[in-house]
Amino acid sequence: MRKLFFLLLFALIFIVSAAFAAFNMTEVTVNFYFGEFSLPLSAVLVIAMLLGVTIGMVVLILTTLKLRYENRRLQHKLSVSEQEINSLRILPIKDSH
């Protein structure tokens, strides 16, 4: 059932994308500092979306790696603190009387 749902969803997205591309075949000129090129509007939008998704993924991966590093560092610090507490518990209590 789940497989059928995703297959139908993919088919719907494909049909909507194909219709969007068919209705937006107008050439658009994209100017950069180093040149320019002409592509259909639908291609420019797809490239912009893919570029946005790629940049978002890179930022997400970098943030995740930073959080994993921080988590590993804190786990190590916790382990050292627990070992220190356990070693202090073993020491006998000295009475001054």
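The values are calculated or read from the model by the stated rules, or taken from the named source; none is laboratory data. Remember, it's a predicted structure, so these values are computed and weren't measured experimentally. Keep in mind that these areas ignore ligands, DNA and RNA; they rest on the heavy atoms of the full protein, side chains included. Shrake-Rupley method; radii C 1.70, N 1.55, O 1.52, S 1.80 Å.
Counted over the range 32-76 with a bin width of 5 Å, the fraction of Cα pairs per bin, in whole percents, is 5, 18, 12, 15, 12, 9, 9, 6, 6, 4, 2.
At 1.4 Å probe size, with the rest of the protein present, what percent of the exposed accessible area of the chain is carbon and sulfur atoms? Solvent-exposed carbon and sulfur of the chain make up 72 percent of the total. Cross-link partners of residue 66 among lysines, defined as those whose alpha carbon lies under 22 angstrom from its own and excluding same-chain residues fewer than eight positions apart: 77. Entry note, the chain: relative contact order of 13 percent, from Cα contacts under 8 Å with a spacing of 6+ residues. Size of the chain from its Cα atoms: along the principal axes, largest to smallest, the extents are 95, 50, 14 Å. For the chain, the solvent-accessible area with a 1.4 angstrom probe is 97 square angstrom per residue.
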